[in-house]
Structures are given as C-alpha cells and as structure tokens.
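Visitor: Can you keep this structure in mind? I'll have questions shortly.
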Amino acid sequence: MNIHEYQAKGLLAKYGVGAPKGGVAYTADEAVKVAKELGGSVWVVKSQIHAGGRGAGRFKDDTSDKGGVRVLNSIDQVRENVAQMLGKVLVTKQTGEEGREVKRVYVEEGCDIARELYLGILIDRETSRVTLMASTEGGMEIEEVAEATPEKILRFNIDPAIGMQGYHARQVAYGLGLQGDQVKSAVKFLLGMYEAFTDLDASIVEINPLVVTGAGDVIALDAKMNFDDNALFRHKNVQELRDEDEEDPTELEAAKHDLNYITLDGSIGCMVNGAGLAMATMDIIKLYGGSPANFLDVGGGATKERVTTAFKLILSDPSVESILVNIFGGIMRCDVIAEGVVAAAREVSLDVPLVVRLAGTNVELGKKILEESGLPIVSADNLADAAEKVVKVTKEAA
C-alpha cells in the first residue's frame with residue numbers, strides 16, 4: 001500500500017524524523033489558510049498523487065509548462081497556483097500519459113537548502129536483509145544514479161539480530177560527507193527512519209531529497225513510504241491513510257475478493273492459478289507474439305464465485321480482445337474453474353474468444369463441463385498450445 005507524501009512525513013515525525021512544517025489543502029482557500037498559519041515569505045505547494053517526478057511533471061491542457069511542485073513568494077501566488085493545480089491531471093514519468101488527477105496539495109514552508117542527498121531503506125532480496133541506501137546525488141531518480149554513476153550509491157546491510165545501531169548511522173553520515181553537528185542530526189534522523197520502517201512493516205522508506213539546511217540540520221524535503229499489505233491488519237492507523245482514488249479500480253475490486261490482479265497494457269486477458277504459473281503464462285504469450293492484459297492469480301482455494309468474479313474483472317477491461325484460462329489443478333480443482341468460467345461467460349454474454357487449458361485434479365470433469373456448456377470455447381492441450389491458439393484467435397478477431 002502506498003500513501004501520500006504528507007502522510008509519510010506525519011508518520012515519520014512520530015519517530016523523530018524532521019521535515020519542514022506544512023499542511024494539506026483540498027481547496028485554494030484552505031491552501032491560503034495553511035500558508036498564513038505557517039508564516040514566512042516563501043512557500044512550496046506540492047501536488048499529492050501516488051507518483052514520483054511531480055516537480056518535473058506537466059499538467060494536461062496547460063501550456064505554462066509549470067510542474068506539480070512550485071515555489072511561491074506571496075499569498076496571492078499560493079491561491080492562484082493551487083487553483084490551477086487542483087482538479088487538473090498531472091503527468092509524470094511514473095504515471096504515463098494518462099496522468100493522475102490532483103485532488104489535494106501540500107503547502108510547506110520554504111527551506112534554506114545547502115545540500116541535497118538521498119536515503120532509502122528497503123528489503124534486499126539477494127541478502128534477505130534490511131538495506132540502507134545512501135547517495136550524495138539527492139533530488140535525482142535513484143535508478144538514474146545507479147545507471148550513470150553506481151559508485152555514488154552506498155549500501156549498508158543491517159543484521160536483523162541487532163538492528164540499526166549508532167555506528168551504522170555514523171558510517172552513513174560520514175559516507176555522505178557530513179561533518180560536526182550535521183552528523184549528530186543525521187544519526188537521530190537515520191535511527192528514527194529505521195525504527196519507523198520496522199515498526200510499521202514498511203516495504204520501503206525513501207527520502208529524496210534529504211536536505212542539509214544552511215543551519216546544518218538534516219531534514220526530509222520529500223518522503224515516500226510503501227507498506228506490506230500482508231501486515232496492514234497490525235496497523236489500523238496506516239490502513240486509515242489509504243487513498244482508494246489513487247488505486248486502479250479493478251485492482252481494488254480484486255483485492256476485496258482476495259484475488260491477485262494487476263492491470264497491464266496488452267489485449268489478452270489471463271486467469272491462472274499460482275503466481276509462478278501466471279508469470280510463465282504471460283511470458284509464453286509474449287513469446288508467441290501476443291501481449292497480456294493483466295496478471296491474475298485466482299489462488300489455490302478459489303470457489304466458483306471467486307472464479308466468476310475474476311472472469312468479470314477481466315472482461316471489465318475494454319482492451320481485452322480474448323481470454324486465456326490456464327489452470328493446473330492441484331489444490332484447485334479443474335471442475336470448479338470450469339463451472340465458474342461457464343457461469344461468468346453466460347452472465348456477461350461473452351463476446352470475445354476464450355481459450356482454456358486445464359490439467360490436474362478433475363481435469364476430465366472440467367473439460368466435460370466446458371464441452372457441454374454450448375459456449376464457443378477453444379480447448380488447449382498444454383501451455384504452448386494454449387498460447388499459440390489465444391494469440392491466433394486474438395489476431396483473427398482484430
């Protein structure tokens with residue numbers, strides 16, 4: 001689960017992670033009120049969407065070429081710019097051309113920036129350790145830094161038996177070239193950041209940029225937090241921060257039925273049991289010249305109702321031109337899948353080609369149900385046969 005920048009800063013503040021003062025606003029009047037309460041003569045207004053690259057982004061139908069993050073010098077500018085941003089669609093490298101509508105902004109006090117750095121904490125799958133990444137190249141996408149100047153990324157693996165200690169934090173601070181009181185400020189920041197990561201079952205905490213101010217303080221100018229969905233039941237306060245408007249509606253509906261669904265940009269809908277088999281199915285569709293429209297794992301214990309729901313979700317995507325059902329029956333029985341497919345196809349008046357490959361438990365019964373349904377279903381003998389057939393019928397239907 002993702003949250004907005006201002007929400008991440010609010011959570012991190014409880015662990016002693018410093019950031020500029022600010023407030024969220026849903027209207028231009030609210031933004032003006034926040035700016036006046038903050039005082040000063042410089043404010044930063046930031047679009048709040050679940051995507052990076054907001055500052056370098058652009059608003060659709062806006063020829064001014066202003067991004068989603070703006071530094072402003074008067075209350076009138078705050079009002080004017082917030083009015084320009086709210087309700088508009090912001091396009092960044094991470095949103096794609098469809099962009100995201102800005103429904104709220106974060107108004108923050110200005111900051112005296114001396115240096116911009118990068119910090120991130122995540123799980124390194126190779127080492128099975130929590131890993132801290134740091135770089136002097138703050139403000140840039142870390143992927144770009146890794147590609148152009150990988151030597152500028154410092155990595156520190158944390159032993160889970162002892163967690164992050166003061167000496168770890170000092171190593172990071174010295175590696176970033178911090179000195180004197182900056183080191184003390186950075187140590188407090190890093191220990192708080194790590195505690196938040198572990199306490200809240202986060203999957204990533206990213207501070208980019210991490211700023212060293214003119215006064216020598218180390219603070220988060222931006223913050224990103226993602227969380228392990230499987231641990232959210234332990235954190236009601238985090239669950240309450242969920243912004244469903246920022247999520248794909250089909251993926252959101254799938255989650256309510258315990259279905260693992262991810263929207264892709266292809267034309268062949270996929271329904272598979274098992275994440276590994278789903279990945280292999282998408283790969284072989286690509287191999288035969290097709291393009292998957294989704295990743296969908298119905299799981300090992302799916303019921304007829306869940307299968308029917310999964311089928312409807314696939315068909316709700318207007319880009320789907322055909323469907324491939326690929327089931328290997330172990331715990332999941334082929335006859336249950338067949339009953340769900342038939343029920344869903346009849347309920348939605350299926351009008352795209354359907355290819356089904358069944359193998360495993362109750363496979364003959366499953367095939368019999370499909371054959372006797374009277375539906376125009378193309379049967380496949382194996383995975384390669386299924387992929388070849390679904391790509392063929394997709395091209396013929398185009």
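The values are calculated or read from the model by the stated rules, or taken from the named source; none is laboratory data. Everything quoted here is computed from the prediction, not taken from an experiment. Don't worry about glycine lacking a Cβ; one is built from the backbone with ideal geometry, like all the others, and counts go over all protein chains shown. Accessible surface areas use protein heavy atoms only, side chains included; no ligands, DNA or RNA. Shrake-Rupley method; radii C 1.70, N 1.55, O 1.52, S 1.80 Å.
Visitor: Check GLU195, GLU253, GLU206 and return the single one that is in a helix (DSSP H, G or I) and within 22 Å of ILE49 (Cβ to Cβ).
Guide: Just a single option satisfies the conditions, and that option is GLU253.
Visitor: Taking segment 256-280 as the region of interest, how many residues are assigned to a strand (DSSP E or B), open to solvent by 30 Å² or more (accessible area, probe 1.4 Å) and not aliphatic (A, V, I, L, M)?
Guide: Number of matching residues: 2.
Visitor: So, in segment 27-54, how many residues would count as being closer than 14 Å to VAL82 by Cα and open to solvent by less than 50 Å² (accessible area, probe 1.4 Å)? Give the derivation first.
Guide: Just the residues of segment 27-54 that are closer than 14 Å to VAL82 by Cα, to begin with: 27-35, 43-48.
So of that shortlist, the ones also open to solvent by less than 50 Å² (accessible area, probe 1.4 Å) come out as 28, 31-32, 34-35, 43-48.
Final tally of qualifying residues: 11.
Visitor: In segment 358-374, what residues are outside any helix (DSSP H, G or I), of a type outside the set (Val, Ile, Thr) and surrounded by fewer than 19 Cβ atoms within 10 Å (Cβ to Cβ)?
Guide: ALA359, GLY360, ASN362, GLU372, SER373, GLY374
Visitor: Kindly establish whether GLN171 is assigned to a loop (DSSP other than H, G, I, E, B) and either more than 20 Å from PRO209 (Cβ to Cβ) or not aromatic (Phe, Trp, Tyr) (or both). Steps first, answer last, please.
Guide: Values: assigned to a loop (DSSP other than H, G, I, E, B): no; either more than 20 Å from PRO209 (Cβ to Cβ) or not aromatic (Phe, Trp, Tyr) (or both): yes.
No: the conditions fail for GLN171.
To keep it simple, each residue is scored yes or no on (1) assigned to a loop (DSSP other than H, G, I, E, B); (2) farther than 21 Å from LEU370 by Cα; (3) in contact with an Asp or Glu (Cβ under 9 Å, 6 or more places away or on another chain).
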position	(1), (2), (3)
PHE233	no, yes, no
ASN237	no, yes, no
ARG242	yes, yes, no
ASP283	no, yes, no
LYS286	no, yes, no
GLU305	no, no, no
THR309	no, no, yes
LYS312	no, no, yes
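Visitor: How many residues does segment 82-95 contain that are open to solvent by less than 10 Å² (accessible area, probe 1.4 Å) and not β-branched (Val, Ile, Thr)?
Guide: Total meeting the criteria: 2.
Visitor: Report, by residue number, each residue of segment 91-113 that is part of a strand (DSSP E or B), of a type in the set (A, V, I, L, M) and modelled with pLDDT of 95 or more.
Guide: Those that are part of a strand (DSSP E or B), of a type in the set (A, V, I, L, M) and modelled with pLDDT of 95 or more: VAL105, VAL107.
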